[in-house]
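As structure tokens, the structure follows; a few thoughts come after it.
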Amino acid sequence: MTHNLLNGLLRLLTVCSIGLFLSVFEPGVQAQDRDEITPGGAFLRSMVMPGWGHHYVDDTNWNRGKYHLAGEAVLVLSYLGLNVRANYLETDFRTLAQSRSGADLCDKSRDYLIALGNFDSMGEYNEAQLRARRWNALFPDTPEYQWSWDRTEDRIQYQNTREKVDKTRNQLPTLVVLMVGNRITSGISAYLKAQKKLENFPEAGFTYVNEAGYQGVAARIRFNF
């Protein structure tokens, strides 16, 4: 359940990022008008795709945003790589279990997968549960729950491979947390960049009466530092 949720979240983040990347960074896209830039807009854009907020504020100087964008690419590729490795290893241990123990892993619980690696047969497993008075942990004595390893070495190989899958998939939530953290950091940085640009942008004005009170056109430019 958690694994499927993480994959769904990653797909959503990736699709949004790719779509917005193509729409924002395609050739010919003009820079945002000065009046359209807002700190909130910069923050929200970086939350969707790290680096976009910096590009939105200043498309000629967004080096900080490029670092966040590169970090996002590394995290996504790492997630995909680990996920592929976990799926490959899972296929290995399922094939091994079916061919060497006769176990049917279809729709089986995690407890069943663990028991399969700890005991040579279902009969041995159930006997151990009876001795420990763990009646709730017994498996039904039906063909779909039966297993019997040909060799202990095969069982150990299965157990080691299954544990590698768990260790690999346990790293996936950390990568998702880092993706979210990268977005928040990028968003705050872009927000501050936009705010600073707004504060330092010169204000221009025109009037038909000059400072001496005579009619005429006068221009005023004020810089905020």
### Query
Would you say Trp135 is over 30 Å from Leu75 (Cβ atoms), open to solvent by 80 Å² or more (accessible area, probe 1.4 Å) and among the hydrophobic types (A, V, I, L, M, F, W, C)?
yes
### Query
Which one is modelled with the highest pLDDT, of the residues in the range 196-217 that are open to solvent by 70 Å² or more (accessible area, probe 1.4 Å), within 24 Å of Lys66 (Cα to Cα) and not basic (Lys, Arg)?
Glu199
### Message
For the range 38-86, which positions are in a helix (DSSP H, G or I) and among the aromatic types (Phe, Trp, Tyr)?
### Response
Phe43, Trp52, Tyr56, Tyr67, Tyr79
### Query
Does the range 102-127 hold any residues that are open to solvent by less than 40 Å² (accessible area, probe 1.4 Å) and more than 37 Å from the chain's Cα centre (by Cα), and which are they?
Ser121, Met122, Gly123, Tyr125, Asn126
### Residue count, the range 70-95 (criterion: among the aromatic types (Phe, Trp, Tyr), surrounded by 16 or more Cβ atoms within 10 Å (Cβ to Cβ) and closer than 24 Å to Ser109 by Cβ)
1
### Task
Starting from residues that are part of a helix (DSSP H, G or I) and aromatic (Phe, Trp, Tyr), keep the ones in the range 96-138 and report whichever is farthest from Ile156 (Cα to Cα).
Trp135
### Query
Under 6 Å by Cβ, and 6 or more places apart or on different chains, what pairs join a residue from the range 140-157 that is of a type in the set (Lys, Arg) with one that is open to solvent by 60 Å² or more (accessible area, probe 1.4 Å) and not in a loop (DSSP other than H, G, I, E, B)?
none
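The values are calculated or read from the model by the stated rules, or taken from the named source; none is laboratory data. Bear in mind the structure is a predicted one, so any value in this text is a computation, not a measurement. Note: ideal-geometry Cβ built from the backbone for every residue, glycine included; neighbour counts use all protein chains shown. We work out accessible area using only protein heavy atoms, side chains counted, and drop any ligands, DNA or RNA first. Shrake-Rupley method; radii C 1.70, N 1.55, O 1.52, S 1.80 Å.
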